[in-house]
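Just below is one structure, and these are the notes that go with it.
The values are calculated or read from the model by the stated rules, or taken from the named source; none is laboratory data. These numbers come from a predicted model, not from an experiment. Backbone-built Cβ (ideal geometry, glycine too); neighbour counts: all protein chains shown. Ligands, DNA and RNA are stripped out before the accessible areas are found, and what is left, the full protein with its side chains, is counted by its heavy atoms. Shrake-Rupley method; radii C 1.70, N 1.55, O 1.52, S 1.80 Å.
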Amino acid sequence: MSEYDALNSSLEPAMENSKRDRDSISEEHDDTDDEMQDINKDIDRMCRGEPLTRKEMWAWYIYGVATEPFNTSIIGLYMSTALSLMAAMEGYELDHVTPCDYNATNYTCDYKWAGRWMDTTSFPLYMTTIASLIQAVLYIALGTLADHSSNRKRMLLAFAGLGGAACICLLGVTKSSLINTAAALYILASIGYGCSLVFYYAYIPLLARAHPRTIYRRLISLHGAMAVPLRLTKTKLLRSKKAERDAQYPAHVVEEFVTNKLSALGNLWMNLAAIVVLGIGIGTLSVMKDNQLYAMMIGSAIVGIWWWVFTIYPMFQLKERPGPPLSPEQNQWLFPLYSFKQTCQDVWRLPETLKFLVGWFLLADSMNTVNTVTSLFAQTVINMDEDLMAIGILVAPITSMIGAFGFSLLQERFNYRTRTLILAVVA
């Protein structure tokens, strides 16, 4: 045997071992790649896209900032007062002959609308009722589309555009004879506000599931702590202390905590925006004391401009996050009716859900009614002028902001469940 052949013979075992090591490393690498693919698929399934980022979270908060002034300023003050005043300016005393003396203290007058007489203070309530009935019909269709359609963001922006435009158009209401125009614009703005909130609140469960805290906890349950991608652990929305605390709870409880946190902070920023815009309105009413009616129209237009301006950032940063698609045989416009019918049939078999829906209806309806009636009571019974009414209305967003943030801190500190906090609030 030559020296060369002897050298090759001695190297063969080492080469074989090296080949086996390379094959082993390759197999381990393939296994790691497969595992990472499974993890990324799980993340996509949880998020319906990418995990939640700070930009998208703030985009969602900012749309709440855009809309809440409508509830506090227009529903709570401007239009409830303006429509009542316009009805009085166009109305008559109880004899239905003498023009209404709306400058008198505690005046009582009637206004004829749609062929029937009504108390002037009832007119804004009728308009609110009409807007609510139209919204109730739309909610049946839009609620399902918000959960299943890929047009959630587009519909939100469309109704934001409608609501803001209707508010701005109130600038054209320069005299009391345009009361029907003002009422129609108020109804359109209310529809835009209410329907956009359907799509806005439909984002909450999606953002909660896409939040890094929720994803981190679910990935630990499925794959273990070592399987969490580095890009997820480095996000600013995931803090180590909260991650350690979350490990004590099931994933669905962590998602519940995240949902409440998002809702509480959203409420905080919404009410802060309401305070700012209402402050601007108080300044407008104080400057234009000689023409309070048009001052309220200017205040309404400011709300519309605010709405549009603060919708720009969500327009670019809020992601679509489409829901599960409808099956091919289901029509997207007829499916909401079928879904509503199915819900009405199923709800009787779910007594706890029925109790919650009835309770929520009573609570939400009472809150909305109090907003309108409070302004009318202050105007007609206490004879409070508009700027003092606006200052009084400031109490609602301030206390709401304190309550939402306070209960959120309680949950963060003591880990109370949502049901416990609801019962505490209602009690």
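Overview of results
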item: Top-ranked residue of region 80-103 - restricted to ones that are hydroxyl-bearing (Ser, Thr, Tyr) and over 38 Å from the mean Cα position of the chain (by Cα), ranked as least open to solvent (accessible area, probe 1.4 Å); result: 98
item: Residues located in region 141-192, provided they are among the basic types (Lys, Arg) and either touching an Asp or Glu at 6+ places or on another chain (Cβ under 9 Å) or closer than 17 Å to residue 204 by Cα (or both); result: 152, 153, 154
item: Any chance residue 126 is open to solvent by 10 Å² or more (accessible area, probe 1.4 Å), among the hydroxyl-bearing types (Ser, Thr, Tyr) and more than 27 Å from residue 395 (Cα to Cα); result: no
item: Only listed residue being more than 30 Å from residue 291 (Cα to Cα) and open to solvent by less than 30 Å² (accessible area, probe 1.4 Å), chosen from 133, 138, 142, 157; result: 142
item: Matching residues, region 384-425, being surrounded by fewer than 15 Cβ atoms within 10 Å (Cβ to Cβ), of a type in the set (Val, Ile, Thr) and within 30 Å of residue 290 (Cα to Cα); result: 391, 395, 398
item: Residues located in region 308-343, provided they are over 21 Å from residue 139 (Cα atoms), of a type outside the set (Ser, Thr, Tyr) and in a loop (DSSP other than H, G, I, E, B); result: 310, 318, 319, 328, 329
item: Selected residue (criterion: nearest to residue 148 (Cα to Cα)) from residues of region 280-333 that are open to solvent by 80 Å² or more (accessible area, probe 1.4 Å) and more than 25 Å from the chain's Cα centre (by Cα); result: 328
item: Search result, residues across region 248-263 that are in contact (Cβ under 8 Å) with a residue 40 or more places away in the chain and of a type in the set (Gly, Ala, Ser); result: 263
item: Test for residue 180: is it open to solvent by 30 Å² or more (accessible area, probe 1.4 Å) and in contact with a Leu (Cβ under 8 Å, 6 or more places away or on another chain); result: no
item: For residue 106: the one exception among (1) more than 30 Å from residue 56 (Cβ to Cβ); (2) in contact with a Phe, Trp or Tyr (Cβ under 6 Å, 6 or more places away or on another chain); (3) surrounded by fewer than 18 Cβ atoms within 10 Å (Cβ to Cβ); (4) not small (Gly, Ala, Ser); result: (2)
item: For residue 262: the one exception among (1) buried (at least 20 other Cβ atoms within 10 Å of the Cβ); (2) closer than 17 Å to residue 389 by Cβ; (3) within 26 Å of the chain's Cα centre (by Cα); result: (2)
item: Pairs with Cβ under 8 Å, 6+ apart, first in region 93-105 and in contact (Cβ under 8 Å) with a residue 40 or more places away in the chain and under 19 Å from residue 377 (Cβ atoms), second open to solvent by less than 80 Å² (accessible area, probe 1.4 Å) and assigned to a loop (DSSP other than H, G, I, E, B); result: 105/383
item: Matching helices (runs of 4 or more DSSP H) fully within region 122-207 where at least 3 residues are at pLDDT below 95, farther than 21 Å from residue 300 by Cβ and of a type in the set (Val, Ile, Thr); result: 123-148
